[in-house]
1. Could you check, for the stretch 11-21, whether at least one of its residues is surrounded by fewer than 10 Cβ atoms within 10 Å (Cβ to Cβ), of a type outside the set (A, V, I, L, M, F, W, C), modelled with pLDDT of 70 or more and at positive phi?
2. Read through the list (1) of a type in the set (A, V, I, L, M, F, W, C); (2) in a loop (DSSP other than H, G, I, E, B); (3) modelled with pLDDT of 90 or more, then give the number of the only condition that L40 fails.
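The values are calculated or read from the model by the stated rules, or taken from the named source; none is laboratory data. Predicted model, so just to flag it, every value in this text is computed and none were measured. Cβ atoms come from the backbone with ideal geometry, glycine included; neighbour counts cover every protein chain shown.
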Amino acid sequence: MLCPYCHGTRWVTRNGLRVPCPECAGVGEVHCCDGLQEQLDPGLNTPAPPSGPPPGSPGRGTEGS
């Protein structure tokens with residue numbers, strides 16, 4: 001895949017000087033996975049449900065009424 005920064009030319013102009021492209025290191029191509037960031041599984045970041053019987057159910061705070 002062609003570098004999106006230099007479009008495969010391998011060079012960019014900085015301050016009037018021609019320098020190797022910083023994005024692809026002067027290769028002109030990048031791997032399709034370069035620049036991608038790992039995305040966390042949304043199921044891993046949800047809080048765990050509370051343990052025990054649900055509020056208001058018999059046996060929770062209604063003893064001896």
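1. There is at least one residue in the stretch 11-21 that is surrounded by fewer than 10 Cβ atoms within 10 Å (Cβ to Cβ), of a type outside the set (A, V, I, L, M, F, W, C), modelled with pLDDT of 70 or more and at positive phi.
2. All conditions are met except number (3).
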